[in-house]
1. Nearest 500 deg cm²/dmol is fine: what mean residue ellipticity at 222 nm does the chain get from its DSSP H runs of n ≥ 4 alone, each adding -39,500 (n - 2.57), divided by its residue count?
2. Of Leu47, Gly90, Val109, which is farthest along the charge dipole of the chain in the positive direction, counting Lys and Arg as +1 and Asp and Glu as -1 at C-beta?
3. Once amide H atoms are placed 1.01 Å from N in the peptide plane, what residues at a sequence separation of 5 or more from Ser77, or on another chain, have their amide H within under 5 Å of its amide H?
4. For region 3-141, calculate the relative contact order in percent as a whole number, restricting contacts to Cα pairs under 8 Å that are 6 or more residues apart.
5. If each residue of separation counts as 0.36 nm, what is the full-extension length gain between Ser89 and Arg33 once their alpha-carbon separation is subtracted?
6. Can you work out ³J(HN,Hα) from phi for every residue in region 49-65, in order, using Karplus 6.51 cos²θ - 1.76 cosθ + 1.60 and θ = phi - 60°, giving whole Hz and x for Gly and Pro?
7. In debye, nearest 20: dipole of region 1-112 around its Cα centre with unit charges on the Cβ of K, R (+) and D, E (-)?
8. Can you tell me the dipole magnitude for region 22-80 around its Cα centre, using point charges on the Cβ only (Lys, Arg +1; Asp, Glu -1), in Debye to the nearest 20?
Amino acid sequence: MDVSDLRKRILRALDDARVDQASRRTERDEAQRAYEQFLETVAVPLLRQAQGILKAEGQLFTVHAPAGSAKLASDSSAQTFLEFSFDGSGDRPTVLGRVSRARGRQRVVVDERPVAAGKGVGQVTEEDVAAFLVAELQKLVGR
């Protein structure tokens, strides 16, 4: 193979990689902004509603909304909670749901999965979050 042809191919591949990387960075930034909006308008209000319902049923939970996540934590165990977070590490940014359950004194079980598989951050709806919340709450309050 001619060195100049190989050089052209390599330079083209490097340019394509730079463009692809810039595109992914832009997509991740847009998804991060959509995630902040999701927290403010969907996740935190829904968790606050769930907190009120659980309190009325004798289950004490507290909503925490530090920057970048939303958490519904059990008042009886700091290691028992349901949390929403942003995952920008994969090919497509997504909203992750993490459930941590304390089992006994030393054992903690943590499950993590996308809240709405196949949907981008801006496409996650209140219904998606409610379905995730209801399914996972059974694990948190069940003893």
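What follows is calculated from the coordinates using simple rules that are stated; it is not laboratory data. Small disclaimer: the values here were computed from a predicted structure and weren't measured. In this analysis, Cβ positions are derived from the backbone assuming ideal geometry, glycine residues included, and neighbour counts consider all displayed protein chains.
1. On the way: 3 runs with 65 residues, N = 143.
It comes out at -16000 deg cm²/dmol, rounded to the nearest 500.
2. Val109
3. For Ser77, whose amide H was placed from the backbone, there are no distant partners under 5 Å.
4. Numbers: 182 pairs, mean separation 26.0, N = 139.
Worked out over region 3-141, it gives 19 percent.
5. Working: separation 56, 0.36 × 56 = 20.16 nm, distance 1.55 nm.
Going from the current span to full extension adds 18.6 nm.
6. Going residue by residue, I get 4, 4, 4, x, 5, 5, 4, 4, 9, x, 9, 9, 10, 10, 8, 10, 10 Hz, with x marking Gly and Pro.
7. Numbers: 18 positive and 17 negative charges, 74 e Å.
Dipole of region 1-112, to the nearest 20 debye: 360 debye.
8. Details: 7 positive and 7 negative charges, 21 e Å.
Its charge dipole is roughly 100 debye.
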